[in-house]
Amino acid sequence: MDNKDKVGTPDKDLININENYEVEYWANKFNVTPERLREVVKDIGTNVATVKAYFNN
């Protein structure tokens with residue numbers, strides 16, 4: 001489980017698909033459905049920059 005007391009670079013750079021609030025945030029940020037975000041993260045990983053590049057192509 002995500003420890004909300006320990007925030008910093010890892011939390012900003014990774015998408016935790018096990019936390020609904022993160023899925024909702026990133027899905028809105030990338031203008032996709034939460035289901036689509038989960039699919040992409042499963043395929044390419046949790047790194048925000050990688051996921052952003054994927055959706056920008």
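Read-outs: derived from the displayed coordinates by stated rules, not from any lab. Just so we're clear, the structure is a prediction, and the values are computed from it rather than from any experiment. FYI the Cβ positions are ideal-geometry reconstructions off the backbone, even for glycines, and counts take in every protein chain you see.
Summary table
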| read-out | value |
| --- | --- |
| Residues whose placed amide H lies under 5 Å from that of LEU14, excluding near-sequence neighbours | VAL48 |
| Anisotropy class of the stretch 10-56 from Cα gyration tensor, a/c 1.5 cut | rounded |
| Karplus-derived 3J(HN,Hα), 6.51/-1.76/1.60, for each residue of the stretch 24-33, Hz, glycine and proline x | 4, 4, 6, 4, 5, 4, 8, 6, 10, 6 |
| Two-site label geometry, ASN28 and LYS52: point separation in nm, points 7 Å out along Cα→Cβ | 1.8 nm |
| Calculated FRET value between ILE44 and ASN18, using beta carbons and R₀ = 22 Å, to 0.05 | 0.85 |
